[in-house]
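The values are calculated or read from the model by the stated rules, or taken from the named source; none is laboratory data. Since the model is a prediction, treat every value here as computed from it, not as a measurement. For neighbour counting, all protein chains shown are included, and Cβ atoms are generated from backbone atoms with ideal geometry for every residue, glycine included. Side chains included, ligands, DNA and RNA excluded: accessible areas come from the protein's heavy atoms. Shrake-Rupley method; radii C 1.70, N 1.55, O 1.52, S 1.80 Å.
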Amino acid sequence: MRHVADIPHPDMKLTLLAWNGKYLLKCEQGPLEQTYKVAELDLLGGDAELPQLLDETFVAAVLRRFADMRTDFGAALERHDLV
């Protein structure tokens, strides 16, 4: 796996990796992680095009998903008396 870039963002860590003919966009917030895969052949301009996908709509959806993930995990911990 090759590290391509760190993409600055105030609310999460964004890392672009290349592996096995794909770009992986890794989004991290605390203990939670989301990974999006894009085939290298789908980006005609190479890895320089991927940050363009990080528009306001996409980033807002990722952040909402992190909130949902925290809620879901917290609820599972409570159901099983683990907190």
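Can you tell me which of (1) among the aromatic types (F, W, Y); (2) open to solvent by 90 Å² or more (accessible area, probe 1.4 Å); (3) in contact with a helix residue (DSSP H, G or I) (Cβ under 9 Å, 6 or more places away or on another chain) is the one F73 doesn't meet?
(3)
In region 11-39, what count of residues is obtained for those that are within 15 Å of A61 (Cα to Cα) and over 12 Å from the mean Cα position of the chain (by Cα)?
Of the residues in that region, 0 qualify.
Residues in region 39-52: is at least one surrounded by 10 or more Cβ atoms within 10 Å (Cβ to Cβ), modelled with pLDDT of 95 or more and in a helix (DSSP H, G or I)?
no
Could we say that L24 is open to solvent by 90 Å² or more (accessible area, probe 1.4 Å) and either more than 15 Å from D11 (Cβ to Cβ) or part of a loop (DSSP other than H, G, I, E, B) (or both) here? Even if it seems obvious, please write down each step before you answer.
Working: open to solvent by 90 Å² or more (accessible area, probe 1.4 Å): no; either more than 15 Å from D11 (Cβ to Cβ) or part of a loop (DSSP other than H, G, I, E, B) (or both): yes.
In short, no.
May I ask you to list pairs of residues, at least six apart or on different chains, whose Cβ atoms are under 6 Å apart, with the first in region 30-52 being more than 18 Å from H9 (Cβ to Cβ) and the second being open to solvent by 70 Å² or more (accessible area, probe 1.4 Å) and modelled with pLDDT of 90 or more?
Filtered contacts from region 30-52: K37/K22; A39/K22.
Those residues that are open to solvent by 50 Å² or more (accessible area, probe 1.4 Å), assigned to a helix (DSSP H, G or I) and either of a type outside the set (F, W, Y) or at positive phi (or both), I need them from region 53-66; list them, please. Step through it out loud before you land on a result.
Taking region 53-66 and keeping what is open to solvent by 50 Å² or more (accessible area, probe 1.4 Å), we get 53, 55-58, 64-65.
Checking the rest, the ones that are also assigned to a helix (DSSP H, G or I) come to 53, 56-58, 64-65.
L53, E56, T57, R64, R65 - these are the residues of region 53-66 that are open to solvent by 50 Å² or more (accessible area, probe 1.4 Å), assigned to a helix (DSSP H, G or I) and either of a type outside the set (F, W, Y) or at positive phi (or both).
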